[in-house]
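This report concerns only the one structure given below.
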Amino acid sequence: MEAALVLLTQTIHAAVPILLAAVGEILTERSGVVNIGLEGLMLIGAFVGVLVGDVAGSGLIGVAAAWAVGLLLGLLHGAIAVYIRGDQLVAGVAMNLFGAGLVAYGIQAVWHVAGYRQTPSWALVDINAMTVLAFAVAGAMWYILSRTRLGVAIRASGEDPEAAYSVGIDVFKIRLFSTAVGASLASLGGAYLSLAYLSVVTKDISAGRGFIALADVVFANWNPLLAIAGALVFGFFDALSYWLQIFGVARYEVTRMLPYIATLLVVAGVIGRAKPPRALGKPFRKE
Amino acid sequence: MRGFLDSLLSLAVAIAVGAVVAYISGYNPLLVYYSMFVVPFTDVVYVTSALATATPIILTGLTFALGLKAGLFNIGAEGQTYMGALGAVIASYLAASALALPLSFVIGISLAVAWAMVPALLKAYRGVNEVVSTIMMNWIAYWLVIMEASTTFSNPMQPSETIKMPPSARLTPLVPGTSLTAGFFVAVAAALLVYWLLERSVIGYELTAAGLNPVAARIAGIPQSRVVIYSFLLGGVTSGVAGVLQVAAMPPSYSLATNLANVYGLGLDGITAAMLGRGNPLGTLLAALFLGLMEEGARHMQALAMTPFEFVKVLQGIMILVIAVRMLELWRRR
């Protein structure tokens, strides 16, 4: 019974970073922009969170800094995608490469250790508070996208930008800010990893979660509420892998494969039902 | 030519931004770049070491280039390289003679291709996005190969690595005292072969047609499923060879590190090479040689400028970001 309760708590905690990144990406993609750089954004968020939290002596400031850096990098991706009409997939891959390089470099340059830094106790934040925040963000995002005028403008930009533009929606601005806010949530998920969930920053702390979040977006059919369900499914296998390890059921390496195998099976099962925004990944230009 | 200029421009931007990053973190940018770009040319051992470093990057770069040609984002070279290396280790376990070398290629390439076929089939028949599926396969390979390397195939004398290639099956340095083996020429030949395949063969024509315009290709009788499978199959072969060479042509250890140190990150380097090379196999070859030079230089930078090796990865990330901006001409045609 107690073990089951631990598994449940672990599932919810493991779901948080995936949920944050997925909800952010849903916002970005609903506006018509693809950002596959979530993994890099998460890594950078985890690193910046510990760095600033350590120096400022406050985890909350660390979280805020990680979020802000994600927002800035999102503005960069948004500018490339929206105004320069660069390739969004290439820019996303670049973000992943840059994040992996910067964090591995930064950990060494700042703390002079190779690829591993324990988060100091004064930089930790309350895991339950961040968990509640993540679920609240998902709920709020659903409300904004489906129940407000702003949500209509965002969805119109992703479905039919020409029509949206013709009725006075500034497609460029909507896409830019949706991309920035979406990216900031991925970085927030990274800060959660290093400041609350794992209490450490490593050069591969995100461990594929940015890509699992991409899978969750498809699983959720671009609906933030369904993304909660998806994140819990992935979180369950993540938690299960540690749980099985504690009880010595299977080798460590085998249990670590579980979340990835589960992700593959889930995406293979749901595709076909999923329907992406129609103008997804297509740059918009004024006639 | 235009693409080449774009790549040079992206290098210039990366060097400028990198200088700021290095300066902020307390390193001397001049010494960083001197040790990275000048020192490697000062000794023939360094030059050959750069070529050896470039070898697997050429091959994993071809994997990504083959995908790009067909309009696919195949990020799976990383895991396929692990599987290729595992194949070489299995061959060393099975055969104690020179036979282990051909056997390495057979088993290594088979495992890598099998690994590539999962995302290919999921894409062809279930429409699963290849970015997600290849990354998942990479992580599954990561844990699988770590497990096998540290259990069944571990070296009882040296717990940090697997059993070694039998001495008679090794590809040893062509010039004693350097690390340049025949593996380098295998990689160059692979690049030429892929170039020929894409430019002159029917398969290459179909891949390119589907990459430029999938709808038109389908109407012309080229099914998307065939394109995906061929592209991933060929990509699996080159990455598999990369993995085999990282064991069979890797002096002095001729084994796989249990933490995968001699294969880790090669797939990502390949993506960088293919993007810098604009998805062209010969461009990828050139770019991989350049990346090999940068990484050899980064080792000297570590020693001379006390800068972490990963600085080179920061530079590469910035380069690709600039490429994304400049690649619009090439990609708007999709």
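The values are calculated or read from the model by the stated rules, or taken from the named source; none is laboratory data. Worth saying up front: this structure is predicted, and the values here are computed from it rather than measured. Cβ atoms come from the backbone with ideal geometry, glycine included; neighbour counts cover every protein chain shown.
Got a sec? Which of A:K286, A:K203 is in contact with a Gly (Cβ under 7 Å, 6 or more places away or on another chain), in contact (Cβ under 8 Å) with a residue 60 or more places away in the chain and either basic (K, R) or on the phi > 0 side of the Ramachandran plot (or both)? Write out each step before concluding.
Working: A:K286 fails: in contact with a Gly (Cβ under 7 Å, 6 or more places away or on another chain).
Answer to the check: A:K203.
Whether any residue in the range A:160-176 is under 19 Å from the mean Cα position of the chain (by Cα) and not aliphatic (A, V, I, L, M) is what I want to check. Working first, answer last.
First, pick out the residues of the range A:160-176 that are under 19 Å from the mean Cα position of the chain (by Cα): A:175-176.
Still in the list and also not aliphatic (A, V, I, L, M): A:175.
The answer is yes; a qualifying residue exists.
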Subset of the range A:92-116 that is surrounded by fewer than 21 Cβ atoms within 10 Å (Cβ to Cβ) and more than 8 Å from chain B (Cβ to nearest Cβ) - its residue that is farthest from A:V200 (Cα to Cα) = A:H112
Of the criteria (1) out of contact with any Ser or Thr (no Cβ under 7 Å at 6 or more places or on another chain); (2) surrounded by fewer than 24 Cβ atoms within 10 Å (Cβ to Cβ); (3) closer than 18 Å to B:L171 by Cα, which one B:A85 fails = (2)
Exactly one of B:V113, B:V106, B:V32 is touching a residue at least 12 places away in the same chain (Cβ under 8 Å), surrounded by fewer than 21 Cβ atoms within 10 Å (Cβ to Cβ) and either part of a helix (DSSP H, G or I) or in contact with a Lys or Arg (Cβ under 8 Å, 6 or more places away or on another chain) (or both), and that residue is B:V106
By residue number, the members of the range A:50-91 that are within 13 Å of another protein chain (Cβ to nearest Cβ), free of Cβ contacts under 8 Å to residues at least 40 places away in the same chain and not β-branched (V, I, T) are A:L76, A:G86, A:D87
Residues located in the range A:233-287, provided they are within 18 Å of the chain's Cα centre (by Cα) and polar (S, T, N, Q) = A:T263
List every residue pair whose Cβ atoms sit under 8 Å apart, with the two residues 6 or more apart in sequence or on different chains, where the first one lies in the range A:128-148 and is of a type in the set (F, W, Y) and the second, anywhere, is surrounded by 18 or more Cβ atoms within 10 Å (Cβ to Cβ).
-> A:F135/A:L19; A:F135/A:I228; A:W142/A:N223; A:W142/A:P224
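So that you can scan it fast, the table gives a plain yes or no per residue for (1) farther than 22 Å from B:S253 by Cα; (2) over 18 Å from the mean Cα position of the chain (by Cα); (3) without any contact (Cβ under 8 Å) to a residue 40 or more places away in the chain:
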| position | (1), (2), (3) |
| --- | --- |
| B:F64 | yes, no, no |
| B:N74 | yes, no, no |
| B:T81 | no, no, no |
| B:S92 | no, yes, no |
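Which of the residues spanning the range B:20-58 are more than 14 Å from chain A (Cβ to nearest Cβ) and small (G, A, S)?
B:S35, B:S49, B:A50, B:A52, B:A54
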Filter result for A:A94 (among the hydrophobic types (A, V, I, L, M, F, W, C), closer than 19 Å to A:L133 by Cα and not in a loop (DSSP other than H, G, I, E, B)) | no
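Restricting to the range B:298-328, name every residue that is facing another protein chain (nearest Cβ under 7 Å) and of a type in the set (K, R). Step through it out loud before you land on a result.
Going residue by residue through the range B:298-328, those that are facing another protein chain (nearest Cβ under 7 Å) are B:308, B:310-311, B:313-314, B:316-318, B:320-321, B:323-325, B:327-328.
The answer is B:K313, and nothing else.
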Output the residues belonging to the range B:206-257 that are touching a helix residue (DSSP H, G or I) at 6+ places or on another chain (Cβ under 9 Å), aliphatic (A, V, I, L, M) and free of Cβ contacts under 8 Å to residues at least 12 places away in the same chain.
-> B:A216, B:A217, B:A220
Taking B:L144 as the residue in question, decide whether it is away from chain A (no Cβ under 14 Å) and modelled with pLDDT of 90 or more.
-> no
Look through A:I36, A:I44 and report the one residue that is under 19 Å from B:G18 (Cα atoms), surrounded by 24 or more Cβ atoms within 10 Å (Cβ to Cβ) and either more than 9 Å from chain B (Cβ to nearest Cβ) or in contact (Cβ under 8 Å) with a residue 60 or more places away in the chain (or both).
-> A:I44
Which numbered condition trips up B:D43, out of (1) of a type in the set (D, E); (2) modelled with pLDDT of 95 or more; (3) more than 16 Å from the chain's Cα centre (by Cα)?
-> (2)
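Tell me, please, whether a residue that is out of contact with any strand residue (DSSP E or B) (no Cβ under 7 Å at 6 or more places or on another chain) and on the phi > 0 side of the Ramachandran plot can be found in the range B:109-128. Walk me through how you get there before you give the answer.
Quick first cut of the range B:109-128, residues out of contact with any strand residue (DSSP E or B) (no Cβ under 7 Å at 6 or more places or on another chain) only: B:109-128.
Okay, now just the ones that are also on the phi > 0 side of the Ramachandran plot, so B:127.
Checking the range B:109-128: at least one residue is out of contact with any strand residue (DSSP E or B) (no Cβ under 7 Å at 6 or more places or on another chain) and on the phi > 0 side of the Ramachandran plot.
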